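Right, one structure below, let's go through it.
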């Protein structure tokens, strides 16, 4: 009764917050002159010009400007110009500022130092490895999106491993799970989980405190902390509260795919992954397999996030779980090599390059696996995924998890 009352009050408060938020959004019109200050939350896309992105309330505005001076993640800018409306192929209306007046503001010294470190990482990785390999390692290690060939990018997308190069919740959650699995071989479970939390914190620092990484890290740390205490119910409450306060602070976050993947992938590890270990028979098989932990973690995250992936990307490979199981064991290794090599490279260029070069055989293996499976076919394409199908999927999944959690063999 007490829990029901508290939950009702919190939901009512959230409902009022969301209503007021959308009632007070700024309105824009074609040809309107605007001036605003913003911080860049991602690196601009650069070709013969720069494409920046800013959010004003719940409205995303694209800024097209010249290739010089170059702007970077976390730059604080004052932008003035005339809005022009455009309609995308999918019918979405957006506003664009073409070559507005941009003034760079004084930025936080700490964040400026982070940006310089990121640029140094990019430079040393690019000097050590071929461009595709460098982009892959930068994405895996720091969530930094660097340009790679279209063919290589499509192979990652088709085989369902594109998430490993994105600063997403799935990446952080899987990373935490794999670190826990590695340390579990020679440390007690509680200590191994502690190292998982510490590893997530280090990843956030190296990734440059991107919003998607911080969201995923909060959820991941809550999950692993609860496991240390042996309280799954506590972890579930922590996950729900983390999601609640994130939505309370920014209601638009509910539509952000990074938030959705972070939340649902963490829930998958909390509720689906334990099912594999409730059966002594399956637990024995996974425990004796080199990729057993990877398979359990991969299936848990992918089963939980499948509708989100289909709804947003419209494509899913039937080989995805197989490919992920075959390559994801390399991700923690590559993150460690990339992290150590990057940090060493900040002080000793040659030492950093030498360590980064150790990643070459693992990336070569990674590339060959996705190259082989990308030619196997078996691609499931969904143009429109209705909310009824998504709701039905999660309802059936919830029933299955409830029935299987105490299943013994």
Of all residues being in a loop (DSSP other than H, G, I, E, B) and in contact (Cβ under 8 Å) with a residue 60 or more places away in the chain in the range 31-56, which is nearest to residue 106 (Cα to Cα)? Just the residue, please. 41
Is it the case that some residue within the range 86-93 is surrounded by 13 or more Cβ atoms within 10 Å (Cβ to Cβ) and either over 23 Å from residue 213 (Cβ atoms) or in contact with a strand residue (DSSP E or B) (Cβ under 9 Å, 6 or more places away or on another chain) (or both)? no
When you go through 64, 9 one by one, which is the residue that is without any contact (Cβ under 8 Å) to a residue 40 or more places away in the chain and surrounded by 12 or more Cβ atoms within 10 Å (Cβ to Cβ)? 64
Within the range 125-138, identify whether any single residue is in contact with a helix residue (DSSP H, G or I) (Cβ under 8 Å, 6 or more places away or on another chain), in contact (Cβ under 8 Å) with a residue 24 or more places away in the chain and over 20 Å from residue 333 (Cβ atoms), and answer yes or no. yes
Here is a check on your reading of the model: is residue 336 assigned to a helix (DSSP H, G or I), free of Cβ contacts under 8 Å to residues at least 12 places away in the same chain, under 23 Å from the mean Cα position of the chain (by Cα) and within 28 Å of residue 198 (Cβ to Cβ)? yes
Reported set for the range 391-409 where residues are modelled with pLDDT under 85 and assigned to a helix (DSSP H, G or I) is 402, 403, 404
Which one of these does residue 348 not meet: (1) touching a residue at least 12 places away in the same chain (Cβ under 8 Å); (2) within 24 Å of residue 134 (Cα to Cα); (3) out of contact with any strand residue (DSSP E or B) (no Cβ under 9 Å at 6 or more places or on another chain)? (1)
Which of the residues belonging to the range 366-393 are surrounded by 14 or more Cβ atoms within 10 Å (Cβ to Cβ) and under 24 Å from the mean Cα position of the chain (by Cα)? 366, 367, 369, 370, 373, 374, 379, 382, 385, 390, 393
Restricting attention to the range 303-335, report how many residues are farther than 18 Å from residue 256 by Cα and either buried (at least 22 other Cβ atoms within 10 Å of the Cβ) or in contact with a helix residue (DSSP H, G or I) (Cβ under 9 Å, 6 or more places away or on another chain) (or both). 21
With the condition being modelled with pLDDT of 75 or more, I'd like the helices (runs of 4 or more DSSP H) fully within the range 242-324 carrying at least 1 qualifying residues. 257-271, 273-278, 292-313
Odd one out for residue 370 among (1) under 30 Å from residue 393 (Cα atoms); (2) without any contact (Cβ under 8 Å) to a residue 12 or more places away in the chain: (2)
Filter the range 347-377 down to the residues that are more than 23 Å from residue 150 (Cβ to Cβ) and assigned to a helix (DSSP H, G or I) and list them by number. 347, 349, 350, 351, 352, 353, 354, 355, 356, 357, 361, 362
Per the filter on the range 125-154, residues surrounded by 20 or more Cβ atoms within 10 Å (Cβ to Cβ) and in a helix (DSSP H, G or I) are 125, 128, 133, 134, 135, 136, 137, 138, 139, 140, 141, 142
Hey, any hits in the range 18-28 for a residue that's assigned to a loop (DSSP other than H, G, I, E, B) and in contact (Cβ under 8 Å) with a residue 40 or more places away in the chain? yes
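The values are calculated or read from the model by the stated rules, or taken from the named source; none is laboratory data. Quantities reported herein were computed from a predicted structural model and do not represent experimental measurements. Note that each Cβ is placed from the backbone with ideal geometry, even for glycine, and that neighbours are counted across all protein chains shown.
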